[in-house]
Amino acid sequence: ILVTGSKGFIAKNLILRLNSEKINILEFNKSNSFSDLEDKIIKSDIIFHLAGENRSDLDKNFYKNNLNLTEQIAEVIKKRKLNKKIIFSSTAQVIKSNIYGKTKLLSEKALKECTKKTKSIVKIYRIPNVFGKWSRPNYNSIFATFAYNISRYRKINLFNSNKKIKFIYIDDLIEIFIKDCKLGGRNQTKNITNYFLITPKKLAETL
């Protein structure tokens, strides 16, 4: 199994779980080159494409780390006519107009197009906010940010304090991924449904 973005929050949790299954894991992250990526794609049976940009001040970083990287993966699969199972971590924000959601939606389309020209299949997961171990404060989710600041007696920003936010616990998400590893199937786009709702105000009070 190839895991892209292997140093990231979701990927680290996935790799921990895969290690318990005694699976051979190939890792790709920012320290690797494109030739490394191509070689690892060829050697893999399943690709968990988890790499991506979800927070940056520069739009070009979203295009580079979301869309361009995905297009590179798709191009290798098309060029070599590979038969791969791809599990892609997209976002519930694809319906919004922000640059993160836009580049994730374009990435979805690139992977779907790649499967039309090969025997590969893609499972796309549109994921809400994720929390749990190794989540970075001020980066991955409001949950991690609140936990970090509250535990250090720092102020928190209760923006949209009464707007409900969807959350899924990281281990629950990983179990969905693991189950999908063991299934065959066809191209699918799935919205994560086993989330819970909480407002920033209630989250802060609970923590």
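Table for the structure above
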item: Scan of segment 176-207 for residues that are touching a residue at least 24 places away in the same chain (Cβ under 8 Å) and charged (D, E, K, R), ordered by number; result: Asp180, Arg186, Lys190, Lys201
item: Segment 44-102, residues that are open to solvent by less than 60 Å² (accessible area, probe 1.4 Å) and either touching a Pro at 6+ places or on another chain (Cβ under 9 Å) or farther than 19 Å from Cys114 by Cα (or both); result: Glu53, Asn54, Ser56, Asn61, Phe62, Thr91, Ala92, Val94, Asn98, Ile99, Tyr100, Gly101
item: Filter result (assigned to a helix (DSSP H, G or I) and either in contact with a strand residue (DSSP E or B) (Cβ under 8 Å, 6 or more places away or on another chain) or in contact (Cβ under 8 Å) with a residue 60 or more places away in the chain (or both)) within segment 1-17; result: Phe9, Ile10, Ala11, Lys12, Asn13, Leu14, Ile15, Arg17
item: Of the criteria (1) under 25 Å from Lys78 (Cβ atoms); (2) surrounded by 15 or more Cβ atoms within 10 Å (Cβ to Cβ), which one Lys116 fails; result: (2)
item: Selection count, segment 177-194, where residues are open to solvent by 80 Å² or more (accessible area, probe 1.4 Å) and under 23 Å from Leu106 (Cα atoms); result: 3
item: Cross-chain or 6+ apart pairs with Cβ under 6 Å, segment 83-104 first and over 14 Å from Ile47 (Cα atoms), then in a helix (DSSP H, G or I) and of a type in the set (Gly, Ala, Ser); result: Gln93/Gly101; Val94/Gly101
item: Conditions (1) open to solvent by 20 Å² or more (accessible area, probe 1.4 Å); (2) aliphatic (A, V, I, L, M); (3) assigned to a helix (DSSP H, G or I); number of the one not met by Leu197; result: (3)
item: Subset of segment 13-25 (residues that are open to solvent by 80 Å² or more (accessible area, probe 1.4 Å) and basic (Lys, Arg)); result: Lys22
item: Pairs with Cβ under 7 Å, 6+ apart, first in segment 129-152 and touching a residue at least 40 places away in the same chain (Cβ under 8 Å), second loosely packed, with under 14 Cβ neighbours inside 10 Å and assigned to a helix (DSSP H, G or I); result: Gly132/Asp171
item: Residue that is nearest to Val94 (Cα to Cα), among those in segment 26-39 that are part of a helix (DSSP H, G or I) and open to solvent by 40 Å² or more (accessible area, probe 1.4 Å); result: Phe34
item: Scope segment 179-193; condition part of a loop (DSSP other than H, G, I, E, B) and under 16 Å from Ser89 (Cα atoms); matching residues; result: Asn187, Ile192, Thr193
item: Residue in segment 45-59 that is free of Cβ contacts under 8 Å to residues at least 60 places away in the same chain and assigned to a helix (DSSP H, G or I) present; result: yes
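The values are calculated or read from the model by the stated rules, or taken from the named source; none is laboratory data. If you're wondering where the values come from, they're calculated on a predicted model, not measured in any experiment. Cβ atoms come from the backbone with ideal geometry, glycine included; neighbour counts cover every protein chain shown. For the accessible areas, the whole protein counts, side chains as well, though only heavy atoms, and no ligand, DNA or RNA atoms are used. Shrake-Rupley method; radii C 1.70, N 1.55, O 1.52, S 1.80 Å.
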